[in-house]
Amino acid sequence: MNSKHLEARQKIPQRFILKEIFLGICFLIILSSCATYQANVPITENHVLDPYDFNHIASKNPDTGNVFLILAFSGGGTRAAAMAYATLEALNSVTIDHNETLLDEANIITSVSGGSFVAAYYGVYGKEKFFSNFKKDMLFRKIRSELLRRTLSPFNWPKLWSPLYSRSDLATEYYDEVLFHGATFADLPRNWPFIVINATDHSLGEQFIFTQDFFNLLCSDLNQVKIARAVTASSAFPGAFPPLTFKNFSKIKCKPSKEELIRYTKNPNARENPFLAALVRRVLSYRDADKRPFIHVEDGGVSDNIGLRSVIPALVSQVWKQSNASEQHNIKRVAVIIVDARPPIDFTLDKFEAPPGIIYSLWNAGVTPLNNYSEDTILWLRSYLRITRILEDNYWTYMNECRLAAKLLCAKKQRVKKSCIKNYLQQCEKKYRFHQKKKPPYPKFYFVHIRFNDMETKDPTGRLRKVPTDLQLDPEDVELIIKLTRESLQESSEYIRLINDIKK
């Protein structure tokens, strides 16, 4: 600046300088007040055309094949994403019929937090692009650093000052830009696998599920929701990322109707089954849009860190039978593969007499219970599958006894012996089905559970134990996790049993 300009600047009255500062601050306030989140929109008609929900996809793709395969991807940042990637890679390496692989048999991929990056990316782009680009696009990307850089950028400060725009909204924009490129749920293919992204309703502490049948509770059109926003909600870990807001609209033109809700509450299964009971509570809570006009949604791991609870009602209601429109396509096997990225329990602090600090205590208070909660879900599912096997054994034992009784009772009725036996067996089956509700034969069940904390024995260097729950890992750590996950899956006795049975 030359002397003339400096002299002229010095002659400017102070009130003008203060006015410039004041106007600048006002401009920033106006900018911040304009910043807001990406709001979901209401259903404009009585229903959504081409909805993204299970029943719609099952009706369009009735042939599910002989295997009904459910994949559940847990939370755990990039560590979880690497394990989920390795699992898909391993399944794709198993050829079961001509050019079909085991991955092509996947019907449902349900995910939480870090696992949702994998599920969503696979759903949007398909198998070929997933395996060619996902490592570069997500696993090797320094997401934490890039998000921090955007948060610290003065360019984003006006938006972040807005009460209706947070770091989670900034993350949504980032994921949309580098991963999903504007894709919405309308862009997801209406074929298998059905992608279920799970988050948590902050007020209820229950699952918030990104499917149209769930969004019907909000009277909202899921098709117009961006995939990036669902993934951000699923991975918005409390403290690090604020919850995201979704609008709950009036139910005048939307299902479920008041009559349907009354049927829900009177359904005896809803009282006896804890998962259905929780579902009924959720349905009722969303009914009054005046009471809950805004729903705040956070990390899916808060309610279920393996994403399995959202598909348990489907398993209980024998979804593999409902998905078959034709008797020609009987599903013989139902396989559930859980990819669990929970880290090993850390006992380091137990070596010291002094109690842990407040930060560690708050972190542990959130993480430990949700991991235990997820373990309870797995135990419940295992128990249910055992009961199902027992019911099937009991059914055939009961029917064999009925056949023996029918032969004895109908032996003297030579002319009508066949019809007598048939009628007696029908009465037997009717009585059994009255008590058990569902009729066998049931498919064979396979329950594969791959745990990160079981992989330590495969890593003599101890490097695995030091892998943090983070959205940024060293490429060497990523490759190590992929390698050990594949080995763990291929050594699983249940997985080996599944492969052998399929290839018989």
Suppose the filter is part of a strand (DSSP E or B), open to solvent by 20 Å² or more (accessible area, probe 1.4 Å) and either farther than 30 Å from LEU91 by Cβ or in contact with a His (Cβ under 9 Å, 6 or more places away or on another chain) (or both); does THR151 pass it? no
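Just need a number here: residues in the range 457-483 that are of a type in the set (Val, Ile, Thr) and open to solvent by 80 Å² or more (accessible area, probe 1.4 Å). Break it down into steps so the answer makes sense when it comes.
We begin by selecting, within the range 457-483, every residue of a type in the set (Val, Ile, Thr); these are 457, 461, 467, 469, 478, 481-482.
From the residues that got through so far, the ones that are open to solvent by 80 Å² or more (accessible area, probe 1.4 Å) too are 457, 461.
Summing the residues that are of a type in the set (Val, Ile, Thr) and open to solvent by 80 Å² or more (accessible area, probe 1.4 Å) in the range 457-483 gives 2.
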With the condition kept exactly as written, say whether any residue in the range 44-54 is more than 22 Å from ASN198 (Cα to Cα), of a type in the set (Val, Ile, Thr), open to solvent by 90 Å² or more (accessible area, probe 1.4 Å) and at pLDDT 80 or above. yes
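Listed here are the residues, each with its yes/no results for (1) within 33 Å of the chain's Cα centre (by Cα); (2) exposed (fewer than 13 other Cβ atoms within 10 Å of the Cβ); (3) in a helix (DSSP H, G or I); (4) at pLDDT below 60.
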| residue | (1), (2), (3), (4) |
| --- | --- |
| ILE337 | yes, no, no, no |
| GLU353 | no, yes, no, no |
| SER361 | yes, yes, yes, yes |
| CYS402 | no, no, yes, no |
Quick check, is PRO62 surrounded by 20 or more Cβ atoms within 10 Å (Cβ to Cβ) and assigned to a loop (DSSP other than H, G, I, E, B)? no
Condition first: of a type outside the set (A, V, I, L, M, F, W, C), open to solvent by less than 50 Å² (accessible area, probe 1.4 Å) and either in contact (Cβ under 8 Å) with a residue 24 or more places away in the chain or under 20 Å from LEU471 (Cα atoms) (or both). Can you find one or more residues in the range 124-133 that meet it? yes
Contacts under 7 angstrom Cβ, first residue in the range 298-322 being at pLDDT 75 or above, partner acidic (Asp, Glu) and buried (at least 24 other Cβ atoms within 10 Å of the Cβ), 6 or more apart: ILE306/ASP340
The condition from (1) in contact with a strand residue (DSSP E or B) (Cβ under 8 Å, 6 or more places away or on another chain); (2) not in a helix (DSSP H, G or I) that LEU489 misses is numbered (2)
Residue by residue through the range 65-87, note down the ones that are assigned to a strand (DSSP E or B) and under 30 Å from ASP470 (Cα atoms). LEU69, ILE70, LEU71, ALA72, PHE73
Against the definition (of a type in the set (Val, Ile, Thr) and more than 17 Å from ALA240 (Cβ to Cβ)), how does THR200 come out, yes or no? no
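Conditions (1) of a type in the set (Gly, Ala, Ser); (2) under 19 Å from GLN212 (Cα atoms); (3) at pLDDT below 95, marked per residue:
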site	(1), (2), (3)
ILE21	no, no, yes
PHE27	no, no, yes
ILE30	no, no, yes
GLY76	yes, no, yes
ALA84	yes, no, no
ASN107	no, yes, yes
ALA120	yes, yes, no
GLY126	yes, no, no
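The values are calculated or read from the model by the stated rules, or taken from the named source; none is laboratory data. Bear in mind the structure is a predicted one, so any value in this text is a computation, not a measurement. Heads up, the Cβs are rebuilt from the backbone with ideal geometry, glycines too, and the neighbour counts pull from every protein chain shown. These area figures cover heavy atoms from the full protein model, side chains too; ligands, DNA and RNA do not enter into them. Shrake-Rupley method; radii C 1.70, N 1.55, O 1.52, S 1.80 Å.
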